[in-house]
Amino acid sequence: AVVSTQSTGDNFEARMAINQACNELGQTWIESGVSENAVSGHIQFLEPGRTACFACAPPLVVASKIDEKTLKREGVCAASLPTTMGVTAGLLVQNTLKFLLKFGDVTEYLGYNALNDFFPQFNLKPNPHCDSKACVKRQEEWSARAPVETLVEEEKEEEIVHDEDWGISIVAEEGGTTAEDLAVTEGLRLAYTMDKQPENNENCIDNSEITTQENDDGGLSLDDLRMQMSQL
């Protein structure tokens, strides 16, 4: 079965034909293109019924029903810039991989302006008054299916229970942060660890361990004073 369709058409007539076919088949497709001046491009993800199809918000040329062949001058070709085409093609493939492999966010519309490296992003909703009857039919099918899918997602959510109202737990700070507290996975090591505080701080003075000798005048000797100063 075909999961998605990618297109890089160079005219609106081809895009409209692919759009109609995908709407009738309910086929997801990802469309891309580069402007005639070759300095901008875009990609668009189209899922019939959920997102806007190409006819929901058509370009002015299509909406005005102008034959685009009349806009081209004889002997004049559209500009071609391989770098712009390469960036646009890369975005198209990247978005396709995210859709097929189910990772990241699939962008519904992403533009690229090469002049100032601008990447506008939009979410395009389907037009309920779309000229494509197949698109309107897909919208009705999606609207009928959406509430059921939302209900299933709500049932899957698990209730989070906390011991107290605010989910706040108090941790004692005795002993400070140790290497065990900062343990990481195998293969990684910390740049530094905080040494555990000794039970008996060597820098503290235990007055009970200080013995002094009194001199003949009943005071402390000079050696005793030096010993006490060195223990500070």
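The values are calculated or read from the model by the stated rules, or taken from the named source; none is laboratory data. Remember, predicted model here, so these are calculated numbers, not experimental data. When we count neighbours, we look across all protein chains shown, and the Cβ atoms used for this are built from the backbone with ideal geometry, even at glycine. These accessible areas exclude ligands, DNA and RNA; they are computed on the full protein's heavy atoms, side chains included. Shrake-Rupley method; radii C 1.70, N 1.55, O 1.52, S 1.80 Å.
So that you can scan it fast, the table gives a plain yes or no per residue for (1) of a type in the set (A, V, I, L, M, F, W, C); (2) closer than 19 Å to ARG15 by Cβ; (3) touching a Gly at 6+ places or on another chain (Cβ under 7 Å):
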| position | (1), (2), (3) |
| --- | --- |
| GLU31 | no, yes, no |
| GLU36 | no, yes, no |
| PHE45 | yes, yes, no |
| PRO82 | no, no, no |
| LEU92 | yes, yes, no |
Quick one: ILE18 ticks every box in (1) open to solvent by less than 80 Å² (accessible area, probe 1.4 Å); (2) modelled with pLDDT of 90 or more; (3) under 29 Å from the mean Cα position of the chain (by Cα) except a single one, so which number is it?
(3)
Result of the Cβ filter at 6 Å on segment 124-138, keeping first residues that are free of Cβ contacts under 8 Å to residues at least 12 places away in the same chain and partners that are part of a loop (DSSP other than H, G, I, E, B), at least 6 apart or interchain, is VAL136/CYS130
Flag for LEU60 being of a type outside the set (Ser, Thr, Tyr) and buried (at least 17 other Cβ atoms within 10 Å of the Cβ):
no
Pairs with Cβ under 6 Å, 6+ apart, first in segment 10-31 and assigned to a loop (DSSP other than H, G, I, E, B), second open to solvent by less than 50 Å² (accessible area, probe 1.4 Å):
GLY26/PRO48; GLN27/THR5; THR28/SER4; THR28/GLU47
Does segment 61-79 contain at least one residue that is at pLDDT below 90 and of a type in the set (Ser, Thr, Tyr)?
yes
Give me the pairs, please: first residue somewhere in segment 96-111 and farther than 12 Å from SER32 by Cα and open to solvent by less than 50 Å² (accessible area, probe 1.4 Å), second residue anywhere and small (Gly, Ala, Ser) and at pLDDT 90 or above, beta-carbon distance under 7 Å, and either six or more positions apart or on two chains.
LYS98/GLY104
Answer residue from segment 134-155, given it is modelled with pLDDT of 60 or more and of a type in the set (Val, Ile, Thr) and is least open to solvent (accessible area, probe 1.4 Å) among those
VAL136
